[in-house]
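Scroll down for the structure; my scribbles are underneath it.
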Amino acid sequence: MILRVIEADRCKQANGNQARSPSSLTLKTTSRHWSEVYAEFQRITNQNLPNTFYAELDRHIPRLMALFRQKASKTGKTADALADIFKVHDTQELHDVHTRRTTVLHALPVYLREEVSGFFRTCVDDMDEPDLRDASVVLLTTVSDDATSPVPYHPVRVSVVLEGDVVVSLPRLADAFLVIFGLIYALHLSYPEGLTNTFEFTQKILLGLDDSKLSPKLQTLKNDLMLYV
């Protein structure tokens, strides 16, 4: 099972070596209201998850966009995938903060050469519901028409799916990503297989949680970002 519950006494508290206390959060309480995730995250880390996440993400977005575009201008599978993302991004009429966040969150795992096809899924509203039995960790974006776009910018909703069940649905991708990150962290679950660098980027670089060594890919990305902070 990709989502493996980690023993509480083996989980290290942010910026230290204290074991995290067991979480009172459950998938049932999360389905009632996603703010439960934020409250539990703050209890564990003493951080306001949405405030910190969005402040740091927005601070780094200009440099991240520049790095991703630079990579997209080259050749290769990763470059082609990034170019496809920016092709759709550049056609948007409105380039507000929500558009930029959506682009960066789609492009980040591609840039880090991680597998995104199982994590980002799309379906059309009012059609047959997709088979989610194999969906350990998924962000399912429901759109009104075109489900083939690499980045859906105008979703009907974005659902957080864990172990085949829709936990909660939100209006924007960034909000859904934040909830799934907070839920995994608060419940002591392992990060999705194949997306470790993406989630550790969120944890260690954006949120500054856990001072353990970064992977070579993340250390390089962090160095590139720090040059322009």
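Bear in mind that the values in this text are calculations on the coordinates, not laboratory data. All values derive from a computational prediction rather than experimental measurement. Because the Cβ atoms are built from the backbone with ideal geometry, glycine has one as well, and the counts that use them run over all protein chains shown.
What is the local net charge at N223, summed over the other residues whose Cβ is closer than 12 Å to its Cβ (Lys, Arg +1; Asp, Glu -1)?
Working: positive: R63, K217, K222; negative: D224.
Net charge in that neighbourhood comes out at +2.
What full-extension length gain, to one decimal in nm, is calculated for M127 and N46 as 0.36 nm per residue of separation minus the Cα-Cα distance?
Numbers: separation 81, 0.36 × 81 = 29.16 nm, distance 4.21 nm.
Residue separation times 0.36 nm, minus the Cα-Cα distance, leaves 24.9 nm.
Output ³J(HN,Hα) for segment 85-90: one whole-Hz value per residue in order, computed from phi by the Karplus curve 6.51 cos²θ - 1.76 cosθ + 1.60 with θ = phi - 60°, and x for Gly and Pro.
Along segment 85-90, the couplings run 5, 6, 4, 6, 4, 6 Hz.
Using a 10 Å cut-off on Cβ atoms, rank the peptides 94-105, 133-144, 176-187 from the highest mean neighbour count down. Working shown, then result.
Values: 94-105: 16.7, 133-144: 18.3, 176-187: 24.0.
Result, highest mean first: 176-187, 133-144, 94-105.
If you look for lysine pairs in segment 28-226 that are eight or more places apart or on different chains, how many of them have Cα atoms under 26 Å apart?
Close lysine pairs under the 26 Å cut-off: 17.
Set the Förster radius R0 to 22 Å, insert the Cβ-Cβ distance between T196 and T148 as r into 1/(1 + (r/R0)^6), and round the FRET efficiency to 0.05.
Numbers: r = 28 Å, r/R0 = 1.27.
Between T196 and T148 the formula returns 0.20.
What does DSSP give for segment 86-176 in terms of the percent of beta bridges that are antiparallel, rounded to the nearest 5? Let's see the in-between values first.
Details: 11 of 16 bridges.
Around 70 percent of the beta bridges assigned by DSSP in segment 86-176 are antiparallel ones.
Computed FRET efficiency, Cβ-Cβ of D224 and R157, R0 30 Å: what is it to the nearest 0.05? It would help to have the intermediate numbers written out before the result.
Numbers: r = 34 Å, r/R0 = 1.13.
For D224 and R157, the calculated efficiency is 0.30.
Show me 112-121, 68-77 ranked by packing, highest mean number of other Cβ atoms within 10 Å first.
In descending order of packing, they fall as 112-121, 68-77.
Please tell me the relative contact order of segment 28-226 in percent, rounded to the nearest whole number, where contacts are Cα pairs under 8 Å and at least six residues apart.
Numbers: 258 pairs, mean separation 42.7, N = 199.
Relative contact order comes out at 21 percent.
Which FRET efficiency value, to the nearest 0.05, is calculated for K74 and S215 with the Förster distance at 25 angstrom and r the Cβ-Cβ distance?
On the way: r = 22 Å, r/R0 = 0.87.
Taking R0 as 25 Å, the efficiency between K74 and S215 is 0.70.
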